[in-house]
Amino acid sequence: IGLSYVIILMVSFLFMGRLRAVAIGGLGVILTLIVTLGVMGYAGWDINMVSLALPSLVFAISIADVLHVFRVLQVNASSTDKTTESDPLTVLYEATKPCFYTSITTFFGFLSLTIAKIQIVREFGLSAALAVLIAYVLILLVVLPTFLRFMQPGLVKQVTSPVWGRLHHLIQKRGGLILTSTGLLFLLSMMGLMRLEVDTYSIGFLLPENRVRQDSDQIEADFGNYLPLDFVYRIDSDQSQDSKWRKELKTFESAVIQITPLERGLSSKDLWGLDSASAELLQGTIPVVDDSGHQGRTMFRAPMLTAQELTAIQNQVLALADKHLTQFPEYEFAGYMPLYAVMMDYILEGQLESFGLAFLIITVLLFTLYRNFKRLLISLIPNLLPVMGTLGLMGWLNIRLDIATVTIAAIAIGIVVDDTVHFLHHYFHFKDDGLDTDVAILKTFEMTGGAITATSILLIAGLSVLLFTSIYSVIYFGLLLIICISLALICDFLLLPALLIRTERL
């Protein structure tokens, strides 16, 4: 957390070039994190393998809007239009309107995670959504007024760069190639999505050198499987003294141990033949038969498995039960492990529902902003492609969709839309003022290009510290968001202008 904060402040200084400006923005970021963590503490929400990424996200998202506000003030201070410069309401409007929409879209991107069936994912979504709102309020009430009060004399510096002119020329010349490459990337992403697997492996979250994982491997090597998998069954009252069901149970357990990776644990037959004192002691320690004698359980010992592998083994055991347990009216799995296996279904449902809700809400918000279906479509394409590309890459690299990476799509769509909103806000403003498409794109690059680049670098820098954790799921979370943000930057600088130029010709 400390490293990510230092990196973000360094990148902010490279963009703003003023220590005072960095200090003001950094104060807003720290206040956002303190208030967010304070609320989490009062709510009783823990820092876990999902919310571990929250501080770095809060730092990067908070400072991103600070940079856009600084850029608007910078351009205003260097403007030759003194009327605009002296109108504080105009400055306030231009600085905060796109930040309001980016905060709202990011807020709903995180908030969509609250419909997930996994509690730690819901808590993470709510915490992050709260952080976004806190950041915007602090920018509005603290950062912006402080900038206006203390930074205006020092804001003026060179605000144009020949880079944007060369980039604009490249897009004009190679627009067809950019759109064709986009189509190819879309197809590759769809192919990768079809390869994407949904699974979770708790011990696999840890790196091989992690002490907990090493101890688990050593226990399995020395003593065999140690993960309990309970199989419960019931017999009718008139069968309780019949030995036939006991023979069936013995045959069933032998078949399970022979055919599946499960090892023998403890069952009701371990009590047979014991004197009453021993049986009572064993029953009291690990109950395998209820007081009526009509219900019992067999505890198998399973190896450390993924949820998908465990589900497959459970299906094998149930098939063997259907074959051998003819005297048993009811039988099923119980305990923690079946719930662990069901998480796979929750993960898939959560991904689809969260992303669908986030996309729907963001679409409505963007239409409210632009009030034009053509502009809405142009704004959605550069934001969907990075998300699809990232999920497709997961499929190609065999990175599973698990309890941590399940949040990627909903979070990504809320984050990557921010720079698109800033770009299109200024582009449509210039177009509405009567400028032609090429001039409007060039002026938009000059207005937002530096800030978009800086905010993307900030997000990447802030998330890069997650690559040095000892938990695979957190590493993948950071890596995949970095890839998504990088794709979004390319789309905003190449695909989005190419679409604007092409649609103006239609």
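The values are calculated or read from the model by the stated rules, or taken from the named source; none is laboratory data. None of these values were measured; they are calculated from a predicted model. Ligands, DNA and RNA are excluded from the accessible area calculation, which covers all protein heavy atoms including side chains. Shrake-Rupley method; radii C 1.70, N 1.55, O 1.52, S 1.80 Å.
In whole percent, how big is the carbon plus sulfur part of the accessible area of segment 351-506, probe 1.4 Å, protein atoms only? Exposed carbon and sulfur together represent 68 percent of the surface.
Only DSSP H runs of four or more residues enter the estimate; each adds -39500 (n - 2.57), and after division by the residues of the chain the mean residue ellipticity at 222 nm equals -24000 deg cm²/dmol. Axis of helix 119-138 versus longest Cα principal axis of the chain: the two differ by about 20°, to the nearest ten degrees.
Ranking V163, V143 from most to least accessible surface, computed with a 1.4 Å probe over the protein chains only, gives V163, V143.
Averaging 1/r across all pairs of distinct Cα atoms in the chain and inverting the result yields a Kirkwood radius of 26.0 Å. In the context of the full set of protein chains, residues of the chain present 45 Å² of accessible surface per residue (probe radius 1.4 Å, heavy atoms only).
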